[in-house]
Amino acid sequence: MLTRNEILMVRSLADKSGREEHGMFVVEGGKMVGELLNSQLDVYRLFVTSRSGVKHPAAELVSEKEMERMSRLKTPSDTLAVARIPRRETVSHKGLVLALDKVQDPGNLGTIIRIADWFGVRCILASHDTVDCFNPKVVQATMGALYRVNVVYGELPEMLTDMKQAGKRVYGTMLEGGHDMYAGELDNEGVLVMGSEGKGISAEVAALLDERLFIPPFPQAGSGSESLNVAVATAVAVAEFRRRLHR
């Protein structure tokens, strides 16, 4: 039987302060936990109910009630793991790199990480005020991609400046003043900056862009929507960068 303090510790990981205090995060669901167990991340504790299909020597059997008390899902899973947050401070200068400027929605960030994983983008630079990638909602939305994509938080203008000094071209998607993304040349070794949901790319970051890109609507004469969701825009833009490799 789990103690009250053990349950409270797991629940505290839903908040950033709790994750920072303990250096851990929560993963829920058999598929997600299964991928976690096959990753390089350090699993601290693994809890399963009698319904769980996850078999592991370190698994601790808990009651449905205990799982319900630990879980933050509307419908508690039968499998929950607590893993140590990995140290991810090394920035890769290889290949296409994503940069996120103040992306706030956990679902958007989770989807963007999943998109990065699908298209082979292994490094994401994130401003300090981008939502924490170990937020439970982000973790769930990544569907395991978080274990394979390196998300590095820092002062985005400084990180982009370092990228430019390393010879990488910095692109940014803009609603106004950008060039048609489908018309110009794109460098698959560059950096692609995506802005926040409400305000787009900040002026400080925009000043560092080598080229501003615009995803045109069809027909170009007019579109019913003002803009694309940032995760959708990321998928469209990254797909176009990758398409150029097959020319």
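Within the range 77-87, restricting attention to residues that are at pLDDT below 95 and surrounded by fewer than 19 Cβ atoms within 10 Å (Cβ to Cβ), the residue that is farthest from residue 52 (Cα to Cα) is 87.
With respect to residue 204, determine if the residue is under 24 Å from residue 246 (Cβ atoms) and either in the same structural domain as residue 29 (by TED's automatic domain parsing) or of a type in the set (Asp, Glu) (or both). So residue 204 fails the test.
On inspection, residue 90 passes the criterion of being among the β-branched types (Val, Ile, Thr), loosely packed, with under 14 Cβ neighbours inside 10 Å and in contact (Cβ under 8 Å) with a residue 12 or more places away in the chain. Here is the figure for the range 5-39: residues that are in contact with a Phe, Trp or Tyr (Cβ under 8 Å, 6 or more places away or on another chain) and polar (S, T, N, Q) total 1. When 190, 177, 184 are checked against the criterion of being under 22 Å from the mean Cα position of the chain (by Cα) and in contact (Cβ under 8 Å) with a residue 12 or more places away in the chain, a single residue qualifies: 190.
The values are calculated or read from the model by the stated rules, or taken from the named source; none is laboratory data. Bear in mind the structure is a predicted one, so any value in this text is a computation, not a measurement. When we count neighbours, we look across all protein chains shown, and the Cβ atoms used for this are built from the backbone with ideal geometry, even at glycine.
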